[in-house]
4 protein chains.
Amino acid sequence: MPDPTRRTRKDFPYLIQIPTRWSDNDMLGHVNNVLYYRYFEAVVVRFQMEEAGVDWINDAVSPQTVETLCRFHRPLSFPETVDAGLRVERIGNSSVTFAIALFGEDDETPAATGHFVHVFVDSDTLESQPIPAAMRGVFEKFAAP
Amino acid sequence: MPDPTRRTRKDFPYLIQIPTRWSDNDMLGHVNNVLYYRYFEAVVVRFQMEEAGVDWINDAVSPQTVETLCRFHRPLSFPETVDAGLRVERIGNSSVTFAIALFGEDDETPAATGHFVHVFVDSDTLESQPIPAAMRGVFEKFAAP
Amino acid sequence: MPDPTRRTRKDFPYLIQIPTRWSDNDMLGHVNNVLYYRYFEAVVVRFQMEEAGVDWINDAVSPQTVETLCRFHRPLSFPETVDAGLRVERIGNSSVTFAIALFGEDDETPAATGHFVHVFVDSDTLESQPIPAAMRGVFEKFAAP
Amino acid sequence: MPDPTRRTRKDFPYLIQIPTRWSDNDMLGHVNNVLYYRYFEAVVVRFQMEEAGVDWINDAVSPQTVETLCRFHRPLSFPETVDAGLRVERIGNSSVTFAIALFGEDDETPAATGHFVHVFVDSDTLESQPIPAAMRGVFEKFAAP
């Protein structure tokens, strides 16, 4: 696998802009490391709602977060706008793994990289379920070549 | 009305402890002013659930926030533990006004004072409703003499 | 004073867009009331930095929040983008009061209205100071007619 | 390595209590997955300040977060109080890896497990530095047998 820290925006087929907020910075003057996961969540939730058509409130089968990871390469800071990129890294029977990268305004390579794993579950029993076919098709479209 | 900035912990019949979190501080090294409302919310929600018996998810009539205000007298800072005091300042037909004060560890008088107004509404139509009788009784118990 | 709940976007000479985040919604499915102050802060901080030229880290005299208030008229909800409007309501010797309004995507009148009071202080002693002349000029430009 | 999901509170030599806040829950009625990292941060920051004596503002060499990971086994929910456990999993030349576990009130085994990696850096140049000797001694005391 190529080194994820060398990826650029064009390696991510889904990319959104996230304006930082004043209070995203902590006492040390940079975006607090917990907030990186807020940005991860932003790109994953928007992708799942807008591209895959997930509706967490009403769907009988919906994705649940089972693992997230972030590696911090360089600080991000308010007031810059962050670009958050997503690509589908792995599609299992019930789970999908997104590779995520965050780019600062002047960054060519990511300030942070990581992943986000969703498992589809029955919304009542919480037992894992196969990825619905239509969503699997969407994930394939956004997968790495 | 006596000056609320001179009140002490014993003027508040309901008082809870709130440990600050590292990230409650902002770039300037003090608790960010938005977080004061997080502490207000903490004491109001806990009072409404534990004392008044409010269940926001299931009750047919439940309180909704219509106005909040905070005056900032002195900074609070992580890692201190904050005391949040509440007293019922006014009981209307549908609404109840809580006076709130936040005390730092070494404060005799409040670091911040303010209020929080709840209106009881029909959970479906959102039309205002009289305060349920049992809750009104609780509010009277915690009202200023 | 005209009823602030009837104001529209054009009554606010400074207006920014704030994308909501998934987690801005709380258990009840609407933007949590504390977050409204996050949006207030966003528009005030950006105005002070970009228009008035405030630099909280380096300026010898800088604005400190002494009072904020919000009235909640209608719920806001992720994923809508909120318009936050600001106008200067009152200019004192040391203090400036901003009137704030938040508009949902389909709102003509505000979903929430409130104010935000900044007092200029000496960054070391925290004693109040006259508003620096250049900033006073900016505030006058954004004041209500 | 024993399965971390089977660990209990007594496998963690450093353990703190974290009261959840109303707004830690998201729309789905459980603690939002980003907040788990807020709890991770709480236990790591408190350990580093109180046990290892870290002072992020003044120390010439201080720890910086380079990687965090969380696996979500069962939901946590407000209003429960969470126990956050920490043990030192690995001590390198410049870095220390903490194993973290979060326990709900009725949990014998963790609701979430993960790790948090700190690298000590020169606060000016951000170049990595050996762990200061006194801190290394503390980390050894809290390491797994």
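Does segment D:69-81 contain at least one residue that is more than 30 Å from A:Ala60 (Cβ to Cβ) and of a type in the set (Gly, Ala, Ser)? No, there is no match, as no residue in segment D:69-81 is more than 30 Å from A:Ala60 (Cβ to Cβ) and of a type in the set (Gly, Ala, Ser). Among the residues of segment C:135-142, not a single one is small (Gly, Ala, Ser) and touching a residue at least 12 places away in the same chain (Cβ under 8 Å).
Within segment A:47-59, is even one residue touching a strand residue (DSSP E or B) at 6+ places or on another chain (Cβ under 8 Å), within 21 Å of C:Tyr39 (Cα to Cα) and more than 13 Å from chain D (Cβ to nearest Cβ)? No, segment A:47-59 contains no residue that is touching a strand residue (DSSP E or B) at 6+ places or on another chain (Cβ under 8 Å), within 21 Å of C:Tyr39 (Cα to Cα) and more than 13 Å from chain D (Cβ to nearest Cβ).
Would you be able to say whether some residue in segment A:9-20 is of a type in the set (Lys, Arg) and crowded, with 18+ Cβ neighbours inside 10 Å? Explain how you work it out, then say what you get.
We begin by selecting, within segment A:9-20, every residue of a type in the set (Lys, Arg); these are A:9-10.
Now restrict to residues that are crowded, with 18+ Cβ neighbours inside 10 Å: none.
No, segment A:9-20 has no match at all.
For segment D:1-20, the set of residues classified as assigned to a helix (DSSP H, G or I) and under 25 Å from D:Arg136 (Cα atoms) consists of D:Pro4, D:Arg9, D:Lys10, D:Asp11, listed by residue number.
Could you list, in sequence order, the residues of segment D:5-20 that are of a type outside the set (Val, Ile, Thr) and within 12 Å of another protein chain (Cβ to nearest Cβ)?
D:Gln17, D:Pro19
Note on segment C:21-46: among residues that are facing chain A (nearest Cβ under 10 Å) and part of a loop (DSSP other than H, G, I, E, B), the one that is surrounded by the most Cβ atoms within 10 Å (Cβ to Cβ) is C:Arg21. In this entry, A:Glu108 is excluded by the filter for residues that are at pLDDT 95 or above, within 13 Å of the chain's Cα centre (by Cα) and over 20 Å from A:Ser62 (Cβ atoms). Hey, any hits in segment A:98-111 for a residue that's in contact (Cβ under 8 Å) with a residue 60 or more places away in the chain, within 12 Å of another protein chain (Cβ to nearest Cβ) and not hydrophobic (A, V, I, L, M, F, W, C)? No: zero hits. State whether one or more residues within segment C:68-87 are more than 29 Å from B:Leu126 (Cβ to Cβ) and among the aromatic types (Phe, Trp, Tyr). For segment C:68-87, residues more than 29 Å from B:Leu126 (Cβ to Cβ) and among the aromatic types (Phe, Trp, Tyr): absent. What do you reckon, is D:Val82 more than 14 Å from chain A (Cβ to nearest Cβ) and within 27 Å of C:Asp24 (Cα to Cα)? The answer is yes for D:Val82. Just checking, does segment B:55-64 include any residue being within 17 Å of D:Arg21 (Cα to Cα) and either in contact (Cβ under 8 Å) with a residue 60 or more places away in the chain or among the charged types (D, E, K, R) (or both)? Yes - at least one qualifying residue is present in segment B:55-64.
The values are calculated or read from the model by the stated rules, or taken from the named source; none is laboratory data. If you're wondering where the values come from, they're calculated on a predicted model, not measured in any experiment. Ideal geometry is used to build each Cβ from the backbone, glycine not excepted, and the neighbour counts take in all protein chains shown.
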